[in-house]
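To start, the structure under review is shown below, and the notes come after it.
The values are calculated or read from the model by the stated rules, or taken from the named source; none is laboratory data. Please read all numbers here as calculations on a predicted model, not as lab measurements. Please note: Cβ atoms are built from the backbone with ideal geometry, for glycine as well, and neighbour counts cover all protein chains shown. Areas reflect the complete protein model, heavy atoms only, side chains present, ligands, DNA and RNA absent. Shrake-Rupley method; radii C 1.70, N 1.55, O 1.52, S 1.80 Å.
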Number of protein chains: 2
Amino acid sequence: MKEKELTSLAVFVKQRRKTLKINQLELSEKAGVGLRFVRDLEQGKASLRMDKVNDVLRLFGHELGPVEMDRTKLWQ
Amino acid sequence: MKEKELTSLAVFVKQRRKTLKINQLELSEKAGVGLRFVRDLEQGKASLRMDKVNDVLRLFGHELGPVEMDRTKLWQ
DNA sequence: ACTATTTACACCTTATAAGGTATAAATAGT
DNA sequence: ACTATTTATACCTTATAAGGTGTAAATAGT
């Protein structure tokens with residue numbers, strides 16, 4: 001049981017992709033990134049490159065920016 | 001004249017650091033990243049690793065997340 | 001203006017993300 | 001249940017970020 005933490009970013013991308021009714025391959029092509037990258041992104045990999053993530057987010061009219069940490073994370 | 005675009009993330013970090021009255025070296029130590037990384041971050045380097053950026057943002061109670069693109073960027 | 005501190009930039013090495021391919025698992029459609 | 005499609009995981013190579021060191025430029029303090 002891996003229980004990998006699903007980040008809000010991962011959830012965001014997956015949900016947006018679903019709304020567009022496209023699969024990971026199509027998303028990767030539209031974004032100009034590799035299929036493997038989209039997979040890693042939706043799986044919550046933490047060490048991705050910002051510029052590549054932004055290539056994907058741009059399709060949804062979004063980009064990476066600093067947001068307040070959710071308070072449950074603040075004390076560890 | 002380089003005219004490197006200063007991203008909102010870069011500005012955010014620099015401003016927060018200033019309010020804490022610490023220099024780049026101190027920030028890098030607190031965050032557990034290299035000095036060079038902090039420099040690149042404040043200079044707006046686009047290809048940084050998300051996890052390292054988050055190591056810095058955590059000090060300010062923030063983290064990377066998807067935010068709406070500012071509308072001026074939407075059509076190029 | 002002078003000096004000390006801080007920040008920027010270049011070169012180099014090492015660590016690792018990105019991406020391809022292949023396979024397995026999961027999910028959806030009938 | 002069966003089958004097709006989609007998604008996840010592993011192995012490998014290549015590209016490049018991270019970080020150290022050194023030097024130059026910029027900024028701040030007097």
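Normalised per residue, the accessible area of chain B is 66 Å², obtained with a 1.4 Å probe and no contribution from ligands, DNA or RNA. Shape class for region B:8-64: rounded, because the ratio a/c of the largest to smallest gyration tensor axis (alpha-carbon atoms, square roots of eigenvalues) is under 1.5.
Annotation: amide H of residue A:62 within the under-5 Å range of B:69, sequence separation 5 or more or interchain, hydrogens built in the peptide plane.
Carbon-plus-sulfur accessible fraction, chain A (probe radius 1.4 Å, protein heavy atoms only): 51%.
Holding the Cα-Cα limit at 23 Å, pick out from A:52/B:30; B:21/B:52; A:14/B:30 the pairs that are longer than that.
Correct reply: A:52/B:30; A:14/B:30.
Each chain gives up part of its surface: A and B jointly bury about 2200 Å² of accessible area, both sides summed, for a 1.4 Å probe. Take each residue of peptide B:58-65, count the partner chain Cβ atoms within 10 Å of its Cβ, and average: the result is 6.
Take chain A and mark each of the GluC sites (Glu not before Pro) that is in a DSSP loop with at most 11 other Cβ atoms within 10 Å; the longest unmarked stretch, sites excluded, is A:6-76. Helix screen, chain B: DSSP H segments with Cα axial length of 15 Å or more and mean Kyte-Doolittle hydropathy at least -1.0 are B:8-19.
With a 10 Å cut-off around each Cβ of A:8-21, the average count of Cβ atoms from other chains is 1. Of B:38, B:56, B:11, the residue with the greatest mean-square motion in the GNM of chain B, using alpha carbon springs below 10 Å, is B:11.
The mean number of partner chain beta-carbon atoms within 10 angstrom of a residue's beta-carbon across peptide B:45-53 is 5.
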